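The values are calculated or read from the model by the stated rules, or taken from the named source; none is laboratory data. Only a predicted model underlies this, so the values are computations on that prediction, with no experimental measurement involved. Cβ sites come from the backbone with ideal geometry, for glycine too, and all protein chains shown count toward neighbours. Areas reflect the complete protein model, heavy atoms only, side chains present, ligands, DNA and RNA absent. Shrake-Rupley method; radii C 1.70, N 1.55, O 1.52, S 1.80 Å.
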Amino acid sequence: MEIKEAIIKAKNKEQIAFNFLLDTYWNDVYAFQLKRTQNENDAEDITIQTFSKAFDKIDTYNEDYKFKTWLITISKNIHIDLVRKQKKSINDTSKDNEDNYFDIVDDSPTPEDSIITEQNLANLLRDIKKLKPHYQEVINLRFFQELSYKEISEELKEPINNVKVKLLRAKKLLAAIITKS
């Protein structure tokens, strides 16, 4: 799949296009944030938020610019916003401005889902323990406690799109671990 084709499909809310774009640009955005934050967890969180916001606002993407540049700009702005929030006084009682998030359609099983369901439970649990704790948590909530995206979002106090991107990333990492085993 080509980038332009993936963007068109993503604008039509096709999940496979979101997966392709995430796979293609994850390392670029993550490396950019790792340089800025000097912290793996912060870089990962900002990268998740970047893809969440990008997928939410995919219709606003202007094809005159490179998609990677657009993602990096979103990422940079999220980081700036987080730094500003951290600098705010603890006594500041103004409410945070919550963006409206739209659903990313996820109704078809992905190749990662197939690999995951083919494994026996003991091996699967062993492999899940190799993931970072926040990925273990989202996998547990979705597949073992069978919570909806909305319920996971409420449980983790994160926007639904962040949950979806984090779950997508967790499934990809888990699939990679499983195929290496």
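Taking every residue in the range 60-72 that is in contact (Cβ under 8 Å) with a residue 40 or more places away in the chain and farther than 16 Å from LYS35 by Cα and pairing it with any residue that is part of a helix (DSSP H, G or I) and of a type outside the set (Phe, Trp, Tyr), at least 6 positions away or on another chain, the pairs with Cβ-Cβ distances below 6 Å are PHE67/ILE3; LYS68/ASP28. Is there a residue in the range 163-179 that is open to solvent by 80 Å² or more (accessible area, probe 1.4 Å), modelled with pLDDT under 90 and out of contact with any Pro (no Cβ under 8 Å at 6 or more places or on another chain)? Yes, there is a match, as at least one residue in the range 163-179 is open to solvent by 80 Å² or more (accessible area, probe 1.4 Å), modelled with pLDDT under 90 and out of contact with any Pro (no Cβ under 8 Å at 6 or more places or on another chain).
Total residues in the range 24-37 satisfying the condition of being loosely packed, with under 13 Cβ neighbours inside 10 Å and either farther than 15 Å from HIS79 by Cβ or at pLDDT below 90 (or both): the figure is 1.
Within the range 4-23, the set of residues being surrounded by 15 or more Cβ atoms within 10 Å (Cβ to Cβ) and not in a helix (DSSP H, G or I) comprises LYS13, GLU14. Checking each residue in the range 148-181 for being of a type in the set (D, E, K, R) and farther than 15 Å from ASP45 by Cβ picks out LYS150, GLU151, GLU154, GLU155, LYS171, LYS172, LYS180.
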